[in-house]
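Let me begin by presenting the structure, written as structure tokens, before commenting on it.
The values are calculated or read from the model by the stated rules, or taken from the named source; none is laboratory data. Just so it is clear, the model here is predicted, and its values are computed rather than measured. A quick note on method: Cβ atoms are made from the backbone with ideal geometry, for glycine too, and the neighbour counts reach across all protein chains shown. These area figures cover heavy atoms from the full protein model, side chains too; ligands, DNA and RNA do not enter into them. Shrake-Rupley method; radii C 1.70, N 1.55, O 1.52, S 1.80 Å.
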Amino acid sequence: MALVIAIPAWAARPYRGGAVATAHPMASEAALRMLDKGGNAVDAAVAAAFTLAVVGPYHSGLGGGGFALVHDAKTGTTQVLDFREVAPKGATRDMYVKDGKVVPGLSTDGATSVAVPGAVAGYLELLEKHGKLPRAVVLQPAIEAATKGFWVSPKYQQIATLRRDCLRQDPEASRIFLAKNDQGEPDVPPIGYLVRQPELARTLQTLAKSGPKPFYSGPLAQAMVDTVKAGGGLLTLEDLAAFKTRAHEPLEGSYRGYRILTMPPPSAGGLAVLQVLGAMERLRPKGLDYRNPEDLHLYVEAVRRVYVDRVKYLGDPAFVKIPMESLTSSGYIADLAGGIDPKKATPSASLLPPMEGANDSTLKKPGTWYDSPAAPGQTPAQPPSPEKKNTTHISVIDKDGGAVALTTTVNYAFGSCVVAKGTGVLLNDQMDDFAARPGVPNAYGLVTGEANSIAPGKVPLSSMSPTLVFSRDDPKKVMLAVGSPGGSTIPTTVIQVISNIVDAGMDVSRAVGAGRLHHQYLPDELWVDRWGLEPATQAALEAKGHKIRRQETWGDAEAVYSDPKTNLRYPASDPRNEGAGLGQN
């Protein structure tokens, strides 16, 4: 077992200028257009984000929110912008609970699931403060995509199939994102069908001309409020006018000499990234052997414990006192690592007993993957399809070394399935990221505690983990920009990409494409994707007491690697999906 010092990157295509990776080719092309026009990483990332709002409505949109890390190569500084949605002022702690139980669908489908959107404010603030190009130039690719349309791909079709019934409930969403079948009913469009969004194009033109103000206090705001109110939701003009982005200091750590900056709370993901990597460095100071069962066992046990911390401590820092200094301290990481039994898996319930409300009947909700074994002749319930866990990530490093890691979302696939009439704006269902009832799983299977309960103006806890890794020789020079969608699996995807590069010496394409493992405390299961483990390795982990559940795939890691020695840049888009990595020659 040896620590890899030189990190090869030659399997991915190198670029001498800037490079970008996103989840859709049209978004990557939009970003590249900005770089070619003399724009920087922020111009490219914002152009990609607005374009993704058009061509990837199943994972992001103007009605969503997100996080961004922005690194300025000239000053060597990195800033964090939090533009995640917040709960409306009319929200209450138990708004999704009736007769002591969470009402299925209220926090995921329809107007009742909508939080105050922050994406427009965030994207345009990033551009104003850090970009170089005019707003109209940066939004032009998105306007063109909305006007001319984009064709339905297998990914679009797959996700629309999962959310078809939800989309059918909203006339605007049904009209825009579905197509009439032979029976005249709105249905999933065939591959190649052209989706045009003229209303969204007009909205984007308004933003290009006037900035965010019409979205938060003008006619666009009124249209969103009227649509949500008609569906029984809580969004008001006061909520929109009061929305503010939030600046934070990045969460800082290191792994084997590489400085890491990542997202602080209200993300739980950044803390998980630093805690797990810190524990693994302590447990295996000379490096990890790729797919060694002993090392994998330690990794899984570290992740299990980190997700316990998520339940116990994490929420919106404006509402909850989080002991961050303690949770990131070397002593705490040492205790976390020291509590791991190298010979056997620790039952999750022994680390933190399920909370009140998280009894057998709530952890095994009918129709979900927590169901008890099926009766004879019935098909057992399966985990939520990873395709429903939708968010998206953009990574950019420009020719000067400036970098952006931006993760943005409407939460569930196609968000709430509600489009504000006349605007083309698809609204989020971010309210599901709160603990509707502490101890009860949300749509991602995550159990969170009282710290993440619903309150007016509160930001729901997130797993999004946009991350920057810096060169060992120059801690102000970005080596890797990385992030992923995937709900609760986001932090472990980011952790594994970093480890694949630093420990296994993989090029960035292999690093994002390698098989993945995931644990999240509850359910007490080790998820393994189809490329995750060989039979002998799986058997060795099962012998240690890990309950393994096979999943097809999850995540969509988007990364750009900048070689510290040559300054060549290598973009990589997860081969599990339909994205693209592009760059300047």
Percent relative contact order of the chain, based on C-alpha pairs within less than 8 angstrom and at least six residues apart? 26
Which residue, chosen from Thr227, Gly65, Cys166, occupies the Cα position most advanced towards the positive end of the dipole of the chain, where the dipole is computed from +1 (Lys, Arg) and -1 (Asp, Glu) charges on Cβ about the Cα centre? Gly65
How do the peptides 390-396, 256-262, 417-423 rank, highest first, by the average count of neighbouring beta carbon atoms within 10 Å per residue? 390-396, 417-423, 256-262
Pairs of alpha-carbon atoms within less than 8 angstrom and 6+ residues apart define the contacts here; what relative contact order does region 446-527 have, in percent? 21
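What 222 nm value per residue comes from the helices of the chain, counting each DSSP H run with n ≥ 4 as -39,500 (n - 2.57) and dividing by all residues, nearest 500 deg cm²/dmol?
Calculated at 222 nm, the ellipticity per residue is -9500 deg cm²/dmol.
Calculate, for Asn567 and Lys37, the FRET efficiency according to 1/(1 + (r/R0)^6) with r their C-beta to C-beta distance and R0 22 Å; round to the nearest 0.05.
The value I calculate is 0.55.
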If you count, for each residue, the other Cβ atoms within 10 Å and average over each peptide, how do 43-55, 288-300 line up from highest to lowest? 43-55, 288-300
Rough spin-label spacing in nm, given labels placed 7 Å along Cα→Cβ, for Tyr290 and Ile548: 1.9
State the answer as a single residue: which of Ala514, Thr467, Ile501 lies farthest towards the positive end of the charge dipole of region 426-522, with beta carbon charges of +1 for Lys and Arg and -1 for Asp and Glu, about the Cα centre. Ile501
Per residue value of the accessible surface for the chain (all protein chains in place, 1.4 Å probe), Å²: 36
Could you tell me which of Gly457, Met479, Gln538 has its Cα farthest along the dipole of region 427-585 towards the positive end, charges placed at Cβ (Lys, Arg +1; Asp, Glu -1), taken about the Cα centre? Met479
Keeping all protein chains in position, work out how much accessible area Lys89 exposes to a 1.4 Å probe, and write it in Å² to the nearest 10. 110
Relative contact order for region 13-159 using alpha-carbon pairs under 8 Å, separation at least 6, rounded to a whole percent? 29
With all protein chains present and a 1.4 Å probe, the order of Glu450, Glu85, Glu199 from largest accessible area down is Glu450, Glu199, Glu85
Could you go through region 464-480 in sequence order and give the Karplus-derived ³J(HN,Hα) for each residue, using 6.51 cos²θ - 1.76 cosθ + 1.60 with θ = phi - 60°, rounded to whole Hz, and x for Gly and Pro? 4, 9, x, 9, 10, 10, 10, 4, 5, 7, 9, x, 10, 10, 5, 9, 8
So what are the ³J(HN,Hα) numbers for region 271-283, from phi and the Karplus equation (6.51, -1.76, 1.60; θ = phi - 60°), rounded to whole Hz, Gly and Pro as x? 4, 4, 4, 5, 5, 5, 4, x, 5, 5, 5, 5, 6
Sorted by packing (mean other beta-carbon atoms within 10 Å per residue), highest first, where do 439-446, 184-191 land? 439-446, 184-191
